[in-house]
Amino acid sequence: MKFYMFHFMPYLHAPLDFRAKGRDTLWMLYPHDYFDPAKCHALYNRYLGEMELADSLGYDGVCVNEHHQTPHSLMPAPNVMAGAVSARIKNGKILILGRALPLVDNPLAVAEEWAMLDNLTAGRIITGMVRGIGIEYHASGVNPGESVGRYYEAHDLIKQAWTRPGPFRFDGKYYQYAYVNPFPRPFQSPHPPIWIPSGGNPDTIVWAAAPDRKYTYVQFFNAPYESVKKTLLSYRDAAESHGYDAKPDQLAWAVPTYVADTDEQAINQARPHIEALFNDFMAFSKELLLPPGYTNLAAAIAISKATPVGGRGGGRTTIEDLLEKGIVHIGSAATVRARLEKARGEIGLGHVLALLQFGTLPADLTRRNIELYASDVVQPLRAKYPD
Amino acid sequence: MWSDKACDVFGYPLRYWRKGRGPALVILSGAGGPEIMVPLAEDLAQNFDVILPEHPGFGAADAPPWCERVPDLAYFYAEAFEALRLKDFALVGHSLGGWIAAEIAVRDAHALRALVLVSAAGISVPGAPPADNFLWSRAEMLKRFFFDPAFAQQALDKPFTDEQLGLNLKRLQCVARLVWKPRWHNPELQRWLHRIKTPTRIIWGKDDNLFPAAYAAAFQAAIPGATLDIIKECGHLPFIEQPDAFKRSLLSGCGVKP
């Protein structure tokens, strides 16, 4: 098993009392006049330090992520952050999970940025290709009904740009180039690994598992364990129907994680911070989260009838709810190890992307979390599951 | 009444409502669909042969893959009018339907006797942006659509059935694909509105919260000879909120004496 430290890099000085001001989200529609550049600068340094700590403790890598117009993430341009990370992380991989391809009008630029990072790090990057969540289509102006088409086409373009001898012509529906011939070429051959983070879209899973791709599928945050299991097993089924067995290396889970000496201590320490993540940093209206056309019609109908996690309708999500559903790993090292071993046994999980800073979790608790997870979870599990 | 047989247009089965005798009058509905315009169509059927189509993708059949932008619908309806052998007819378009009607009129107006644009999308007016309807819940949309909140309440008192919810989401997906970017307008339409030679009437609610009444003046300025009626105490749906004033303006716009 392999273990990575995931970071959202939240602006944790955001006005979490936004509901008292008659607002239902901190994303896009909320006036960001509370922003303090000195605090942002300090947070960047703090978070990069946390990644350095993880690297020095032997994590397999660190992960950056992309979101727009929100204090949930200080990384609207993840490749910029990956560039900064590359100057500090000397051992582990740098995972860009992911870059939202349909949001850009020139995806060739993404192929170029990743090739630069690949050479800067001597081949230590892993790329993640995502559509971005629905709200990004409000924030970027890109038509949500074209999200899927743009995603697949941008993927094809980037992969060809890395592997086909250039110059060549690319005539897509959304992207057209008379000359594709990027320079520098990637460091890794034939190209950097491509991972596919998603919320569990069945079409994406079947596509990612195809024999000419075999992309590692990453089940993203806020999914209950049973649905993580179902989704990752569906990847294995898809692989089987393609005529091969999926390896643990193809199955990844990104999960908020907090370890302390006892379950009780972990829950007490994590509570306000994990509840801030799920209720406040990730609060949206359905309209904001699901612009029409972002999902197919059946999914849109199902979601419009469901109650969202966090902040609306049924009151606040508690740490107890999150633990009961297996959405988070919070507890003693033994508890967290047991949850991961279960996932390993039942799913064949290969990669664990632990979100070790979440919500408002302060620096001292984050560092302690990174250290304890490394010594008491990562090391024993790695020894037990060396693949 | 709804046609038993669909009209085949480029392989798509176009459903339409048709009733009445007299000169033909076509109504292109807004994004919500044709149902809310049926009472108006019934009323107009006293004077006209009224045709009220259901936009592609708005019913049981899925929108054809080529139906991506509003100009695609302009060609689609131009073909449909030929298939229905409509000549010398009045074309009335509300909101999204007004945009489609304007796109038709700049392309080929030879069969048009009159053009009536009601609370129409299609242009961009500096200083008067459209509201972002894609961020509205149904309750918020209804609240914004009327000057008189009683109308919104009346609609809210009738919650959607599951069937209506599904159909509404389907239509919303069709509409978003058509109008998302550039939002609710086509710069090329705006550039060519001056080609319209059909007698044009523009009707607007003074209190339209989706496309502000400044749109009406901009349409009037762009279309040679267009006449304008702004209806007071009226939101985005003038045929529901002020049906009498609306009908008077529509009939005079179509050259019928009241």
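The values are calculated or read from the model by the stated rules, or taken from the named source; none is laboratory data. What you see is a predicted model; the values in this text were computed from it and never measured. For neighbour counting, all protein chains shown are included, and Cβ atoms are generated from backbone atoms with ideal geometry for every residue, glycine included. The protein model used for the area step is the full one, side chains on, heavy atoms only, and it has no ligands, DNA or RNA in it. Shrake-Rupley method; radii C 1.70, N 1.55, O 1.52, S 1.80 Å.
Observations on the structure shown:
- Using Cβ point charges alone (K and R +1, D and E -1), the dipole size of the protein assembly as shown about the Cα centre works out to roughly 820 debye.
- Rounded to the nearest 5, the antiparallel percentage of DSSP beta bridges internal to segment A:124-254 is 25%.
- For segment B:1-80: accessible area per residue (Å², 1.4 Å): 42
- Projecting the Cα atoms of B:24, B:37, B:13 onto the dipole axis of segment B:1-42, where Lys and Arg carry +1 and Asp and Glu carry -1 at the beta carbon, places B:24 farthest toward the positive end.
- Cβ-based charge dipole, segment B:124-165, positive-most Cα from B:151, B:164, B:125: B:125
- Sorted largest first, extent of chain B alpha carbons per principal axis (Å): 41, 38, 37
- Whichever aspartates and glutamates have a C-alpha closer than 20 Å to that of residue B:158, once near sequence neighbours (fewer than 8 apart) are set aside: B:35, B:140, B:148, B:241
- Selection from A:25, A:163, A:120, by position along the positive dipole direction of segment A:2-384 (Cβ): A:163
- Loop-located chymotrypsin sites (Phe, Trp or Tyr not before Pro) in segment A:162-235, at most 13 other Cβ atoms within 10 Å (DSSP): none
- Lysines whose Cα lies under 17 Å from that of residue B:181, excluding same-chain neighbours fewer than 8 positions away: A:173
- In this structure, the amide hydrogen of residue B:116, modeled 1.01 Å from its nitrogen in the peptide plane, lies closer than 5 angstrom to those of B:91, B:92, B:93, B:201, counting only residues at least 5 positions away or on a different chain.
- Global form of segment A:3-152, assessed from the alpha-carbon gyration tensor, a/c cut-off 1.5: oblate
- Residue among A:105, A:33, A:55 with the largest mean-square fluctuation in a Gaussian network model of chain A, springs linking Cα atoms under 10 Å: A:33
- For residue B:227 and residue A:296, the FRET efficiency from 1/(1 + (r/R0)^6), where r spans their Cβ atoms and R0 equals 35 Å, is about 0.20.
- Over the protein assembly as shown, volume per residue of the alpha carbon convex hull, in Å³: 169
- Each label was represented as a point 7 Å from its Cα along the Cα-to-Cβ direction; for residue A:227 and residue B:43 these points are 4.7 nm apart.
- In this assembly, the A-B interface accounts for approximately 1600 Å² of buried accessible surface in total, computed with a 1.4 Å probe and without ligands, DNA or RNA.
- With a simple spin-label model that places each label point 7 Å from the Cα along the Cα-to-Cβ direction, the separation between residue A:91 and residue A:39 comes to 3.4 nm.
- Looking at chain A, the DSSP beta bridges with both ends there are about 10 percent antiparallel.
- Evaluated with a Cβ-only charge set (Lys, Arg +1; Asp, Glu -1), segment B:123-258 carries a dipole of roughly 580 debye about its Cα centre, given to the nearest 20.
- DSSP loop trypsin sites (Lys or Arg not before Pro) with at most 16 other Cβ within 10 Å excluded, longest remaining stretch of chain A: A:214-311
- Accessible surface of the protein assembly as shown [probe 1.4 Å, protein heavy atoms]: carbon and sulfur percent: 54
- Loop-located GluC sites (Glu not before Pro) in segment B:185-258, at most 13 other Cβ atoms within 10 Å (DSSP): B:233
- Within the protein assembly as shown, helix-based [θ] at 222 nm, where runs of 4 or more DSSP H residues each add -39,500 (n - 2.57), nearest 500: -11500 deg cm²/dmol
- Under a model in which nothing but the beta-carbon of Lys, Arg (+1) and Asp, Glu (-1) is charged, chain A shows a dipole of about 360 debye around its Cα centre.
- Extending 7 Å from Cα along the Cβ direction at residue A:80 and again at residue B:66 yields two label points whose distance is 4.3 nm.
- For segment A:65-131: rounded, prolate or oblate by the Cα gyration tensor [a/c cutoff 1.5]: oblate
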